[in-house]
Amino acid sequence: MGYVDLHLHTTASDGVMSPSEIVRYAKAKGLQAIAITDHDTIEGLEEGLSEGKRIGFEVIPGIEISAGHSPGSMHLLGFFLDIYHPLLNERLGYLQKARAERNPKIAEKLNQLGVDLTFDEVLKVSGGGQVGRPHFAQVLLDKGYVRSFQEAFERFLKKGAPAYVDKFRFTAKEALHFISEARGIAVLAHPNTLGMSRYSELENLLLQLVEEGLRGLEVYYPEHSASEVAQYKTLAERYGLLMTGGTDYHGIEKNGLDIGVGRGTMRIPYSIVEDLKAARSRSF
Ligand code: AMP
Ligand code: ZN
Ligand code: FE
Ligand code: FE
């Protein structure tokens, strides 16, 4: 059985490869299936799915929703979504609007800080897909205001930094609801970004999310330490959650990270896709 990557970004959000390109790249790398999981949008999925069909490669329609959470950040993945579901499309439309309102404000703040940048330049870098902070980081880098992506976030763009502008987020409960309504299997992405300092805190949060429709945990992830992986596995087993994995490949900001293998050691077996499919056919 082959290997898969269930967390990937394309130009529909803040990745650098188009959906077709990433599908061809995954096949060329010898993977057996991928999920395209762009932030807050399914705009890349029609193209990705049809390219998969064309070249004979399995593409799972997915998404990654940023949900309201503190102190860290909570991202929820949805797999096997019905991309034409009206509620899903209505909710995502709302997020697009919130983003479109936020983005020019980031440009304004940067201008006030003395950065010579126009929103048009950011649009150009985004290549026509949804605009996100990584595109601002790219322009800051191109114009020599920072020496790295990380520096752009640290100095300007991250929460609490001077050019940060908040945007509307659905609660986890709301996001889990519309993912499930669209027949998606909801999975908590990279639990190590939640900012939960104690195991019991994470466990309580998980219990709550499971009640609200969570079906799995992203256990395998390049930024998870071995002890985090072990911890998430234990929790997944305890609460009957599926264990997924993916690289979160964007193609820009993370040097040395590649699709399928992460920094070299990740191997996500195809059996996880079968588990997701079985879960989906049990519930719908
Ligand atoms: P947005 O959805 O436009 O607010 O942008 C969020 C995206 O920016 C995340 O999904 C990451 O890809 C990227 N990002 C957020 N924080 C950082 C950071 N500290 N360093 C690098 N990339 C980041
Ligand atoms: Zn991203
Ligand atoms: Fe994420
Ligand atoms: Fe991601």
* Asked: Counting other Cβ atoms within 10 Å of each Cβ, which trypsin sites (Lys or Arg not before Pro) in the range 163-247 have at most 10 and sit in a DSSP loop?
  -> R198
* How much length, in nm to one decimal, is gained on full extension between S70 and E223, taken as 0.36 nm per residue of separation minus their Cα-Cα distance? -> 53.1 nm
* Structure fact -> With every protein chain kept in place and a 1.4 Å probe, the chain has an accessible area per residue in Å² of 44 Å²
* What residues have an amide H closer than 5 Å to that of D14, excluding those fewer than 5 places away on the same chain, when H is modeled at 1.01 Å from N in the peptide plane? -> H39
* To do: Could you list which residues have their amide H under 5 Å from that of H7, counting only those 5 or more apart in sequence or on another chain, with H placed in the peptide plane?
  => A35, T247, D248
* Please give the helix 172-181 orientation as an angle from the longest Cα principal axis of the chain, in degrees from 0 to 90, rounded to the nearest 10. => 60 degrees
* Asked: Using modelled amide H (1.01 Å from N, peptide plane; none on Pro or chain starts), what sits under 5 Å from the amide H of L242, excluding residues fewer than 5 places away?
  -> G216, L217
* Carbon plus sulfur fraction of accessible area for the range 170-284, probe 1.4 Å, in percent -> 48 percent
* Asked: Using Cα atoms only, what is the angle between the long axis of helix 45-55 and the major principal axis of the chain, expressed in degrees (0 to 90) to the nearest 10?
  -> 60 degrees
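How large, in percent, is the carbon and sulfur part of the accessible surface of the range 64-124 at a probe radius of 1.4 Å? Before the final figure, lay out each step's value.
Numbers: 1590 of 2970 Å².
Accessible surface attributable to carbon and sulfur in the range 64-124 totals 54 percent.
Want the number for E201 to R282: 0.36 nm per residue separation, take away the alpha-carbon distance, what's left? Don't skip to the answer; put the middle values down first.
Details: separation 81, 0.36 × 81 = 29.16 nm, distance 3.00 nm.
Stretched out fully, the E201 to R282 stretch lengthens by 26.2 nm.
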* To do: First check a/c for the range 174-284, with a ≥ b ≥ c the square roots of the eigenvalues of its C-alpha gyration tensor; if it is under 1.5, answer rounded, and if not, answer prolate when a/b is larger than b/c or oblate otherwise.
  => oblate
* Could you pull the Cα extents of the chain along its three principal axes, largest to smallest, in whole Å? => 54, 46, 39
* Provide the net charge surrounding E58, with neighbours chosen by a C-beta distance below 11 Å and charges set as Lys +1, Arg +1, Asp -1, Glu -1. => +3
* To do: Treating the angle as unsigned and between 0 and 90°, give the value, to the nearest 10°, between the Cα long axis of helix 226-238 and the longest Cα principal axis of the chain.
  => 50 degrees
* **Listed residue pairs exceeding 22 Å between alpha carbons, taken from K97/K277; K53/K124; K109/K159; K109/K167; K29/K53** => K97/K277; K53/K124
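Please work out whether the range 110-168 counts as rounded, prolate or oblate from its C-alpha gyration tensor, where a ≥ b ≥ c are the square roots of the eigenvalues and a/c under 1.5 means rounded, while otherwise a/b larger than b/c means prolate and anything else oblate? The partial results should precede the final answer.
On the way: a/c = 1.43, a/b = 1.13, b/c = 1.27.
Verdict is rounded for the range 110-168.
The values are calculated or read from the model by the stated rules, or taken from the named source; none is laboratory data. Note that the structure is a prediction, hence the values are computed from the model and not measured. Using ideal geometry, Cβ is built from the backbone for each residue, glycine included, and neighbour counts are taken over all protein chains shown. The area values use the complete protein model at the heavy-atom level, side chains included, leaving out ligands, DNA and RNA. Shrake-Rupley method; radii C 1.70, N 1.55, O 1.52, S 1.80 Å.
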